[in-house]
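The values are calculated or read from the model by the stated rules, or taken from the named source; none is laboratory data. Predicted model, so just to flag it, every value in this text is computed and none were measured. Quick reminder, even Gly has a Cβ in these numbers, built from the backbone with ideal geometry, and neighbours come from all protein chains shown. For accessibility, only protein heavy atoms count, side chains too; no ligands or nucleic acids. Shrake-Rupley method; radii C 1.70, N 1.55, O 1.52, S 1.80 Å.
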Amino acid sequence: AALVVPSREAERIALERWQQPRSRVRLIPDGIETAAYLATPKRDAVPGLVKRRGELWLGTLLTVGSEAVGPLIRSLAALPEEWQLVVAAEERCHHAIVSNAASAGIEDRVHPVTPPADRARLFGLFDLFAPVEATGTIEAMAAGLAVVAARDSEAAALLASDNGPFLSTSAEEGELTAAIERLAGDKALRRRIGDANRA
């Protein structure tokens with residue numbers, strides 16, 4: 001008999017808080033059907049939102065409180081107008097996300113959407129991914145995306161070494177913005193890192 005956990009954080013809790021012996025704890029991360037993330041979806045593949053020609057999407061998934069997306073909204077304000085932030089979150093969070101964006105004066109560039117059942121379609125439309133938690137990182141990698149994440153997050157441990165220079169210190173919002181700006185401005189770099197993450 002063993003205890004199966006899906007993440008490093010759950011593993012830590014099992015070992016420390018639940019005091020399970022190391023020999024009984026098995027870390028098996030969530031899996032995905034990687035082939036589904038290779039296709040390029042149609043621009044209207046996400047219900048309620050169409051990706052216009054020339055637009056570039058910075059994407060994230062949100063299962064925690066809506067305030068967690070604040071740093072991404074502020075980072076978006078530093079990017080050219082064609083960049084949009086798409087936040088896949090439960091509908092109860094949508095109003096707070098829009099209010100946060102309005103405070104930054106960019107509510108027209110921030111789009112909360114309800115995650116579709118087929119999340120591969122959503123990730124296929126992203127141009128860059130910035131997790132506010134570990135959720136979605138494996139999917140972003142399968143979709144061939146560069147990822148901007150906190151250096152001490154679970155997401156960071158999953159990424160290819162090529163993605164390493166774009167990890168930021170959790171408390172340093174300036175580092176996050178700088179990493180996003182650099183990747184946003186270099187399509188070839190995004191593609192190279194995304195290919196490494198997919199591999």
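When you scan the stretch 71-83, how many residues do you find that are open to solvent by 30 Å² or more (accessible area, probe 1.4 Å) and free of Cβ contacts under 8 Å to residues at least 40 places away in the same chain?
3
Determine if the stretch 151-169 includes at least one residue that is under 19 Å from A134 (Cα atoms), outside any helix (DSSP H, G or I) and touching a residue at least 24 places away in the same chain (Cβ under 8 Å).
yes
If the Cβ limit is 6 Å and pairs must be 6+ apart or interchain, which residue in the stretch 110-125 that is closer than 15 Å to T34 by Cβ pairs with which residue that is among the hydroxyl-bearing types (S, T, Y) and surrounded by fewer than 19 Cβ atoms within 10 Å (Cβ to Cβ)?
As it stands, the answer is G124/T40, since those pairs meet every condition given.
Take the stretch 26-39 and flag every residue that is more than 18 Å from the chain's Cα centre (by Cα) and open to solvent by 100 Å² or more (accessible area, probe 1.4 Å).
R26
Residues checked against (1) outside any loop (DSSP other than H, G, I, E, B); (2) among the aromatic types (F, W, Y); (3) in contact with a strand residue (DSSP E or B) (Cβ under 7 Å, 6 or more places away or on another chain); (4) surrounded by 16 or more Cβ atoms within 10 Å (Cβ to Cβ):
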site	(1), (2), (3), (4)
G54	no, no, no, no
W57	yes, yes, yes, yes
V69	yes, no, yes, yes
L85	yes, no, yes, yes
N100	yes, no, no, yes
G105	no, no, no, no
H111	yes, no, yes, yes
